[in-house]
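I have placed the structure first, in the form of C-alpha cells, so that the comments after it can refer back to it.
None of the figures in this text is laboratory data; all of them are computed from the coordinates on show. All values derive from a computational prediction rather than experimental measurement. Backbone-built Cβ (ideal geometry, glycine too); neighbour counts: all protein chains shown.
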Amino acid sequence: MSIIDKVKQLISIMNENKLSEIEIQEDVTKIRIKKGEIDYIHTASSSPIPSMYPQQLGQKNPMQVLPKENENFVEIISPMVGTFYRANAPGADPCVNVGDCVNDETVVCIIEAMKIMNEVKAETTGEIIDVYVNDGEAVEYGQPLFSVKPSPK
C-alpha cells in the first residue's frame with residue numbers, strides 16, 4: 001500500500017470514528033494526522049520504501065539535489081506533487097529569498113499535498129540564486145524549485 005493510500009485510509013478512519021488525531025508507526029515510517037492543526041508527515045528510513053520511490057522505474061530520487069551539467073549550481077527538486085508555498089504561513093516572510101545562504105537543514109519551502117504541509121529542505125550548502133516557482137503554483141514530482149550556487153567545502 002502506498003503512503004498516499006495509507007493517509008487516505010487514516011483520514012477515512014478519523015472521519016468515521018470522529019477522531020481528532022491519529023498516529024501510526026510501521027518500522028521506521030511514522031504518520032501523524034491531527035485535525036484543526038497543520039502537521040507534517042515525517043518519514044525516516046535507512047532504506048527507501050519501494051511504494052514511495054520510483055527508482056524501480058529508472059527515475060532519479062527527487063529528494064536529491066541534482067547538479068546541472070556544465071553549470072556551477074545545483075537544483076532543489078520537488079519530492080512530490082502538490083502546491084508550492086514560499087512561506088510557512090499566509091502573510092509570513094518567505095522561507096528563503098534569492099541571495100540567502102542555506103545549509104542542509106534549511107527549510108526552503110512548503111509543499112501542500114492532501115491538506116498536509118510538507119517541509120522541503122535544501123539538502124545542500126550554498127546561496128539561492130533563483131526561484132523557479134511562484135507562490136501558490138502547482139508543482140510536479142521531480143520539478144526543479146530552486147537553483148543554488150554551492151559553497152566551497
Spacing of the two label points (7 Å from each Cα toward its C-beta) at Glu140 and Ile13, in nm: 3.4 nm
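Could you rank the peptides 130-139, 12-21, 112-121 by their average count of other C-beta atoms within 10 Å per residue, with the highest value first? Mind dumping the intermediate values first?
Numbers: 130-139: 14.2, 12-21: 10.8, 112-121: 16.3.
Highest mean packing first, the order is 112-121, 130-139, 12-21.
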Simple label model, 7 Å out from Cα along Cβ direction - Asn72 to Glu112, nm: 3.9 nm
Inter-centroid distance (Cα atoms) of the range 69-140 relative to the range 1-29, Å: 27 Å
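Over 28 Å between C-alpha atoms is what I'm after, so list which of Lys6/Lys149; Lys115/Lys149; Lys30/Lys149; Lys35/Lys121; Lys8/Lys149; Lys35/Lys149 land there. All intermediate terms of the calculation are to be shown ahead of the outcome.
On the way: Lys6/Lys149 38 Å; Lys115/Lys149 32 Å; Lys30/Lys149 33 Å; Lys35/Lys121 25 Å; Lys8/Lys149 38 Å; Lys35/Lys149 39 Å.
Those over the limit are Lys6/Lys149; Lys115/Lys149; Lys30/Lys149; Lys8/Lys149; Lys35/Lys149.
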Extension reserve of the Gln25-Glu119 stretch, reckoned as 0.36 nm per residue once the Cα distance is removed: 31.9 nm
Average Cα contact separation per residue, the range 108-153, under 8 Å, 6 or more apart, as relative contact order %: 34 percent
Point-to-point label distance, Asp93-Lys149, nm (Cα→Cβ direction, 7 Å offset): 2.1 nm
